[in-house]
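**Q** One structure follows; several queries about it will come next.
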């Protein structure tokens with residue numbers, strides 16, 4: 001019988017996701033991953049077999065955590081549609097403010113994975129995880145937009161599916177310009193402009 005692992009696997013995956021989301025797959029060395037996770041190289045490879053496997057599992061864990069946090073505000077029926085989108089923006093901007101205090105942008109494993117040539121092809125689980133999350137995210141956002149249109153807080157002349165894609169575009173763009181050095185206050189202003197086409201006046 002194998003010896004029990006001496007570390008919390010989810011904690012290691014969260015630490016690895018934190019590294020990957022800021023620095024990407026290519027610029028995250030095994031040594032750095034071991035350092036941020038607080039485990040020895042042998043322990044890391046015994047648990048995950050390779051850097052690629054660690055990335056796959058960290059991505060799956062990251063998507064689960066993101067879905068849970070964002071889903072909680074987007075499904076909050078005590079808020080109207082506009083307030084739910086604003087709460088989503090608040091989550092994203094809070095991450096960027098916290099990261100800026102540490103001297104970097106928050107990053108995003110999803111944006112990074114889509115922007116890294118060949119990464120989706122390394123393992124079919126990466127493509128499947130990204131594609132599944134893409135569909136879930138757009139469907140939930142479209143549902144929120146339809147709710148906002150029904151309660152009058154969002155414009156009724158915007159197709160809900162197009163509005164959902166606009167929100168995803170705004171968030172992804174925010175992650176990119178944060179990596180380019182835009183300050184959190186500017187991110188907030190730009191994001192508000194990005195959502196304006198959905199809002200009733």
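The values are calculated or read from the model by the stated rules, or taken from the named source; none is laboratory data. None of these values were measured; they are calculated from a predicted model. Note: ideal-geometry Cβ built from the backbone for every residue, glycine included; neighbour counts use all protein chains shown.
**Q** Residue check: is residue 164 at pLDDT 95 or above, part of a helix (DSSP H, G or I), touching a helix residue (DSSP H, G or I) at 6+ places or on another chain (Cβ under 9 Å) and within 26 Å of residue 64 (Cβ to Cβ)? Working first, answer last.
**A** Working: at pLDDT 95 or above: yes; part of a helix (DSSP H, G or I): yes; touching a helix residue (DSSP H, G or I) at 6+ places or on another chain (Cβ under 9 Å): yes; within 26 Å of residue 64 (Cβ to Cβ): yes.
Here the answer is yes, as residue 164 does meet what is asked.
**Q** Would you call residue 59 out of contact with any strand residue (DSSP E or B) (no Cβ under 7 Å at 6 or more places or on another chain), surrounded by 15 or more Cβ atoms within 10 Å (Cβ to Cβ) and over 25 Å from residue 196 (Cβ atoms)? Step through it out loud before you land on a result.
**A** Values: out of contact with any strand residue (DSSP E or B) (no Cβ under 7 Å at 6 or more places or on another chain): yes; surrounded by 15 or more Cβ atoms within 10 Å (Cβ to Cβ): yes; over 25 Å from residue 196 (Cβ atoms): yes.
Yes, satisfied.
**Q** Being in contact with a helix residue (DSSP H, G or I) (Cβ under 8 Å, 6 or more places away or on another chain), assigned to a loop (DSSP other than H, G, I, E, B) and without any contact (Cβ under 8 Å) to a residue 40 or more places away in the chain is the filter here; which residues of segment 181-201 pass it?
**A** 182
**Q** Of 95, 135, which residue is closer than 23 Å to residue 63 by Cα, out of contact with any helix residue (DSSP H, G or I) (no Cβ under 8 Å at 6 or more places or on another chain) and surrounded by fewer than 15 Cβ atoms within 10 Å (Cβ to Cβ)? First the steps, then the outcome.
**A** Values: 95 fails: surrounded by fewer than 15 Cβ atoms within 10 Å (Cβ to Cβ).
Only one candidate qualifies: 135.
**Q** Regarding segment 149-159, can at least one residue be identified that is touching a residue at least 12 places away in the same chain (Cβ under 8 Å), closer than 28 Å to residue 98 by Cβ and part of a helix (DSSP H, G or I)?
**A** No, there is no match, as no residue in segment 149-159 is touching a residue at least 12 places away in the same chain (Cβ under 8 Å), closer than 28 Å to residue 98 by Cβ and part of a helix (DSSP H, G or I).
**Q** Just one of 32, 101, 21 is more than 17 Å from the chain's Cα centre (by Cα) and either buried (at least 17 other Cβ atoms within 10 Å of the Cβ) or within 25 Å of residue 184 (Cα to Cα) (or both); which is it? Reasoning before the result, please.
**A** Numbers: 32 fails: either buried (at least 17 other Cβ atoms within 10 Å of the Cβ) or within 25 Å of residue 184 (Cα to Cα) (or both); 21 fails: more than 17 Å from the chain's Cα centre (by Cα).
Among 32, 101, 21, only 101 is more than 17 Å from the chain's Cα centre (by Cα) and either buried (at least 17 other Cβ atoms within 10 Å of the Cβ) or within 25 Å of residue 184 (Cα to Cα) (or both).
**Q** Taking residue 6 as the residue in question, decide whether it is at pLDDT 95 or above and either over 26 Å from residue 154 (Cα atoms) or not in a loop (DSSP other than H, G, I, E, B) (or both). Can you show your working first?
**A** Working: at pLDDT 95 or above: no; either over 26 Å from residue 154 (Cα atoms) or not in a loop (DSSP other than H, G, I, E, B) (or both): yes.
Taking the combined requirement at face value, the residue does not satisfy it.
**Q** For segment 69-84, enumerate the residues that are surrounded by 18 or more Cβ atoms within 10 Å (Cβ to Cβ) and either under 15 Å from the mean Cα position of the chain (by Cα) or closer than 20 Å to residue 19 by Cβ (or both).
**A** Once the filter is applied, which keeps residues that are surrounded by 18 or more Cβ atoms within 10 Å (Cβ to Cβ) and either under 15 Å from the mean Cα position of the chain (by Cα) or closer than 20 Å to residue 19 by Cβ (or both), segment 69-84 yields 70, 73, 74.
**Q** For segment 37-83, what are the residues that are farther than 27 Å from residue 124 by Cβ, in a helix (DSSP H, G or I) and at pLDDT 95 or above?
**A** Selection gives 72, 73, 74, 81, 82, 83.
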